[in-house]
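Read the structure below first, then the notes.
Computed from the coordinates by the stated procedures, all read-outs in this text should not be read as laboratory data. Worth saying up front: this structure is predicted, and the values here are computed from it rather than measured. Virtual Cβ from ideal backbone geometry, glycine too; neighbours counted across all protein chains shown.
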Amino acid sequence: MQRPNRFVAYVDIDGRQEKVHVKNTGRCRELLTPEAAVYLERSGNPARSTAYDLVAVEKQGRMVNMDSQAPNRAVLEWLWTGQLFPDLISVRPETVYGSSRFDFYIETASEKIFMEVKGVTLEEEGEARFPDAPSERAVKHVEGLIRARQEGYGAYVLFVIQMKGVSHLVPNVRTHPEFARALRRAARAGVRILAYDCHVTADSMSVADAVPVYLAPPAPLLEKFNGISENIKENLRKGELSAIAEPLLKWYDMHRRILPWREDPTPYHVWVSEIMLQQTRVEAVKPYYQRFMEELPDIASLARVSQERLLKLWEGLGYYSRARNLQAAARQVLEEYGGQMPDTRSELMKLKGIGSYTAGAIASIAYGKREPAVDGNVLRVLSRLRMDAGEITDPKVRQRVERELKQGWELPVREGMGLARPGDFNQAMMDLGALVCVPGASPRCGECPLSEFCMAHGCHCEGDYPRKAEKKKRTIEEKTVLVIRDDNLAVLRRRPGRGLLAGMYEPPGLEGHRTAEEVTRYLADNGLKILRIRKLKDSRHIFTHREWHMCGYLIRVDELEPRRSTGETEEWLYVEPGEAGERYPLPSAYAAYLPYLDIRQGKPPDREQAGTYADER
């Protein structure tokens, strides 16, 4: 008749209303509906206010067991039949392992196993789904099984579908997407994920037959989206971008980011901004771009500026070869193109430091050419849109996507397709990836103008795309930083002209983590009389492929004088601290130690804003 809360229901028994206990406190709203035929079991506790337990219900001619304790009892009986583990030795229920409590600990002749049992009562259109309500506990169980598997145990998730007549089981991504992601992680870690249906009668339930488990959307679910997906793929190949161009550009016109380089998109402005934006977040770039343009407003001024001043303007952005390449390309433009940036993709790519993406961005945004500009944001959007399984870090995948888009740009522009605005189309794709189709498992699909076309969204598996190769481990390099000062001067040295942080200035240092005694001996060998030495805090700086783990010392000396020759090739530079901060480009890798030299950098970005700096090559 009704279910006022999770624990009780009111049923009609031969014309009288009876309050009964619901043994499954889950959602089960699609089962316990008015007029449903239910099955009760008399309670064994005479002191309880409810005389019956509700244990089963009929749903459209199918008997569904609702007893939340029944799956474990049925599995225990079934395990001892030996159907799953023919060499079974022992089964122990409710076993604690680490911080997890699993339903069963099982030993066979060859393996020790933890098993978690999940009862399934939700069925829609012949498909079983779990869970029927958000369950953080279920996620924790799966994570515990992953740990157990990593530590050498067998690990199983066994879904017990408390009915017959279902075709397959899928994680219920609509109710709890994190559980679906946890199951996929578990499968990759080697956890076995099984499902069995059950024979259910008015007074019994027993494990019956294996049922397929689809951790990614199964074919019946994909059929809803295959037409859209195939059309999108074919459209991208043929250039029929109208399906996404119109809603995308309407969204862009309302939500586009206001950025200084967009307000006057000359080839020079677009070029400098795109180089700065490599490896660095937009908000971090803005002040650098403004300062750069104030001092170097055109190609000629960039070509003429000294390298030291150029690196000082770039100081804090990281990946300093970008600045050197920028200047080299400016000189190319002056010498080979009469000071005018070329307007074709092929000619732009002849310039130092300009790759396929940057060439496409300049050609489309500054010159209005129908050229694709495929960055990480664009790859992420298209990967989810088409459920493209290609790894976006693979250059071949990027080249393929560029070819597909390029074929579209080469066709005549058709009315309503929006391709008369190639620069805006490219920037719209970038903004969509940066603002809405963001990395990770929680893109803002409710704000996306392409959600109705998006295959990953339709299948609730956005977090599985794009695919990425595993990151390589960074090389750890240990360093000792020496902050050396007398009353008036501080010591810097210039890094080599090639390689990491080429041509920049830094405090002197030693490889490895050195003790104060080792540092004292090193400086004494270099003719310095130490007044005092103090250990500074440790620091760490992350590059793309390496990490610097640094310790530091503040060293006060009597007087800084030219060092005695020790056979080393490096030279020390004696600078006035106030002058050094303005004149010498210093890597932000040493940010923890520069204040002890009374040096402040020009305007370094916050590390979380700037992101990880890439190594020089």
What full-extension length gain, to one decimal in nm, is calculated for T393 and T475 as 0.36 nm per residue of separation minus the Cα-Cα distance? 27.5 nm
Here, V282 and L531, labelled 7 Å along Cα→Cβ, have an inter-label distance in nm of 5.1
Within the chain, excluding any GluC sites (Glu not before Pro) found in a DSSP loop (not H, G, I, E or B) and having at most 15 other Cβ atoms within 10 Å, the longest uninterrupted segment runs 152-414
What one gets for region 8-62 as the Kirkwood radius, inverse of mean 1/r over different Cα pairs in Å, is 11.8
Computed from the coordinates I sent, volume of the Cα convex hull per residue in Å³ equals one of (i) 191; (ii) 227; (iii) 235. Tell me the label. (ii)
In whole Hz, what ³J(HN,Hα) sequence does region 58-71 give by Karplus (6.51, -1.76, 1.60; θ = phi - 60°), x for Gly and Pro? 9, 10, 6, x, 9, 7, 10, 6, 10, 6, 5, 8, 5, x
For Q17 and N488, what does the FRET efficiency come to when R0 = 60 Å and r is the distance between their Cβ atoms, rounded to the nearest 0.05? 0.05
Residues whose placed amide H lies under 5 Å from that of Y39, excluding near-sequence neighbours: V55, A56, V57
Between M254 and F7, what FRET efficiency comes out of the Förster formula 1/(1 + (r/R0)^6) with R0 = 30 Å and r the beta carbon distance, rounded to 0.05? 0.05
Under the Karplus relation with 6.51, -1.76 and 1.60 and θ = phi - 60°, whole-Hz ³J(HN,Hα) for region 486-500, x at Gly and Pro, equal 10, 5, 10, 10, 10, 9, 10, 9, 9, 6, x, x, 10, x, 4
Using only the Cα atoms of region 470-525, what are the Rg and Dmax in Å? 14.5, 51
Take the cross-link list K369/K406; K23/K59; K59/K164; K112/K473; K286/K479; K312/K350 and give me the ones stretching past 21 Å between alpha-carbons. K112/K473; K286/K479; K312/K350
